[in-house]
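Accompanying notes for the structure given below.
The values are calculated or read from the model by the stated rules, or taken from the named source; none is laboratory data. All of these numbers come straight from a predicted model, not from anything done at the bench. Positions of Cβ are backbone-derived with ideal geometry, glycine not excepted, and every protein chain shown enters the neighbour counts. Only protein heavy atoms, including side chains, enter the accessible area calculation; ligands, DNA and RNA are left aside. Shrake-Rupley method; radii C 1.70, N 1.55, O 1.52, S 1.80 Å.
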Amino acid sequence: MDMLGGLTASEFLRDYWQKKPLVIRQAFPGFQCPVSPDELAGLACEEAVESRIVLENESGKPWQLHNGPFTPERFSTLPDQDWTLLVQGLDHWVPEISDLLEAFRFVPNWRLDDIMASYAPKGGSVGPHYDQYDVFLLQAEGHRRWTFGGHCDHTSPRVEGTPLRILSSWDGEETVTLAPGDMLYLPPGVGHHGVAEDDCITLSIGFRAPTIDDVLTGFTDYLCNQEKAAEHLGDPNLTVQDNPGTIAPEVIDRLDQVIREQISDRRALALWFGQYTTAPKSLDIVVPAEEPATPEDLATAIEAGEQLRWNEGSRFAYHEFEGETALFVDGEQYLLKGDAQPIAPLLCAGARINQSKLATFARDEALVGLLTTLYNQGSVYFE
């Protein structure tokens, strides 16, 4: 893939993914940023948009963080340099930014997180730090100098007096300057520090992976909400004990059996995980259509060749069971059987759903009903 500096996706995943950094010159040749600094500032004033400003020094305090939304006047009070504006989830609000994610779908949909924009004037930075996730740093405008290298973790020394996790004793191993279209891949735990050499915008394509705590608490919470969880444990073979205070070994054996039976339910695990990994990041991202459509409306539009695409903030995934397929969209599950199953991989393959293949399902009343549900809840729309 040209985006990977001539490496195939398989070669990149084998040799670099979660292993070592990679600098890719002109990953996106001639790249032009779809948003301007003023537009980023405008988004940072919106209530629904997550935004932050990082000041390297504020009244003698290092690396101070301010959370949005901001007022337009806030930007006129910022210094000439040494600050950064961060706008999270930019792909949720700008279709042209969302389209960038299509280039990264050699990684499963459930691993993709979002795209964050970082605008900074000269000297702007968020300090030397490390992330717990994989990230591609695409230079979209201007130039940024990156120093990176060395593994960091929770034991790495940090700067005091700041809410940010800034590394205090870290030098890095390599330094490069990225121009528009250049990209740097960093695995989790690799220290890095980017400093703007002029007015610049960097797009961070971030990935996510649940913690073990996320999996344990999320799945067990899911199991606790199932109907079977309301059943009480019985002991019809109870016998008299020498001491009533004893918790007998067979009680623990029974508890162990119950817990193992529940957590070893692979079907339940798959259904929970699909819903968990496709849940929207906030309630503001996926909103119902302003004008609800009927199944007839959807069928007519599809047969007319209109392009159906995902909401920019929607998440799609699927899992194949024996005899049925579970489709997951924005935290909801839809179980498909028989001839309906092929629509799941079609819907999940990319943000713009293959129109000619979709048309083959337009005469199936149940599947058009599913598409109508997705349209009306705001997960898809016609371009």
- Task: Compute the length gained on full extension between Ala359 and Asp297: take 0.36 nm times their separation in residues and subtract their Cα-Cα distance, giving the result in nm to one decimal.
- Result: 21.0 nm
- Item | Nearest 10 degrees, 0 to 90: helix 212-224 Cα axis against the chain principal axis | 40 degrees
- Dipole magnitude of the chain, debye to nearest 20 (Cβ charges: Lys/Arg +1, Asp/Glu -1, about Cα centre): 840 debye
- Item | Area projected by the alpha carbon convex hull of the range 265-383, averaged over all directions, nm² | 7.0 nm²
- Taking 7 Å along the Cα-to-C-beta vector as the label spot, tell me the Ala103-Leu233 distance in nanometres, rounded to one decimal. 5.5 nm
- Longest to shortest principal axis, alpha-carbon extents of the range 161-263, angstrom: 80, 32, 24
- Message: In the chain, if the dipole is taken from +1 on Lys/Arg beta carbons and -1 on Asp/Glu beta carbons about the Cα centre, which of Leu112, Gln355, Ile343 is farthest to the positive end?
- Response: Leu112
- Query: Within the range 201-280, which GluC sites (Glu not before Pro) sit in a loop by DSSP and count at most 14 neighbouring Cβ atoms inside 10 Å?
  - Reply: Glu231
- Whole-percent pair-distance distribution, where bins are 20 Å wide, for the alpha carbons of the chain: 23, 48, 24, 4, 0
- When all C-alpha to C-alpha distances in the range 87-219 are sorted into bins of 5 Å, what percent of pairs does each bin hold, rounded to whole numbers? 2, 10, 18, 21, 20, 17, 8, 3, 1, 0
- For Asp182 the rounded accessible area (nearest 10 Å², probe 1.4 Å, non-protein molecules ignored) is 10 Å²
- Say R0 is 25 Å: what FRET efficiency, to the nearest 0.05, do Gln132 and Gln262 get from their beta-carbon distance? 0.30
- Message: As I understand it, the value is the acute angle between the Cα axis of helix 266-278 and the longest principal axis of the Cα atoms of the chain; what does it come to in degrees, rounded to 10?
- Response: 30 degrees
- What do you get for Rg/Rh of the range 199-257 when both radii come from the Cα atoms and Rh is the Kirkwood radius? 1.38
- Message: Quick check: at a probe of 1.4 Å, how many percent of the accessible area of the chain sits on carbon and sulfur atoms?
- Response: 50 percent
- Query: Among residues other than Ser36 whose Cβ falls under 11 Å from its Cβ, what is the net charge (Lys/Arg +1, Asp/Glu -1)?
  - Reply: -4
- Relative to the first principal axis of the alpha-carbon coordinates of the chain, what is the inclination of helix 365-376, with its axis defined by its Cα atoms, in degrees from 0 to 90 and to the nearest 10? 40 degrees
- Message: Using +1 at the C-beta of Lys and Arg and -1 at the C-beta of Asp and Glu, which of Thr325, Ala209, Gly42 has the Cα lying farthest in the positive direction of the dipole of the chain?
- Response: Ala209
- Note on the structure: Once both label points are put 7 Å beyond Cα along the C-beta direction, the Asn225-Ala179 separation in nm becomes 5.1 nm
